[in-house]
Amino acid sequence: QVQLVESGGGLVQPGGSLRLSCAASGSTFRLYVKGWYRQAPGKQRELVAALTSGGSTNYADSVKGRFTISRDNAKNTVYLQMNSLKPEDTAVYYCNAEKYVLGSRLDYWGQGTQVTVSS
């Protein structure tokens, strides 16, 4: 099986920084961690940042210039560096991965890590 474990969340003041990690374990062969999503209370889950195998990135407009997604293939880990955090960044952050098995695509989600931006 595949497990995705997010870490690095916590309470931070506005303007502060956090780095989230998403570590994949288990059957990671052909597993690709696509990126990060978040879900705030009363809101839909939204894409925050995505990273392709070719190194291209895609960010939500609300986080462009503040967040950076990166990958360490040797560690099967994807990171999200979050700078200049705002209260509206408060949410549970999830990493998302996909795996192709016999031509079918499977999606995996971590348990989420809480990020709270508050004074």
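What to note about this one:
- Virtual spin-label span in nm between Ser7 and Gln111, 7 Å along Cα→Cβ: 1.2 nm
- Difference of contour (0.36 nm per residue) and Cα-Cα distance, Lys75 to Ser118: 12.3 nm
- Once all protein chains are placed together, Thr90 keeps about 40 Å² accessible to a 1.4 angstrom probe.
- Using a simple spin-label model with pseudo-atoms 7 Å out from Cα toward Cβ, Gln39 and Ser104 lie 2.3 nm apart.
- Note on the chain: antiparallel DSSP beta bridges, both residues inside, total approximately 95 percent of the bridges counted.
The values are calculated or read from the model by the stated rules, or taken from the named source; none is laboratory data. The structure displayed is predicted, hence computed values, not measured ones. All Cβ positions, glycine included, derive from the backbone under ideal geometry; neighbour counts span all protein chains shown. Please note that ligands, DNA and RNA were not included when accessible areas were found on the heavy atoms of the full protein model with its side chains. Shrake-Rupley method; radii C 1.70, N 1.55, O 1.52, S 1.80 Å.
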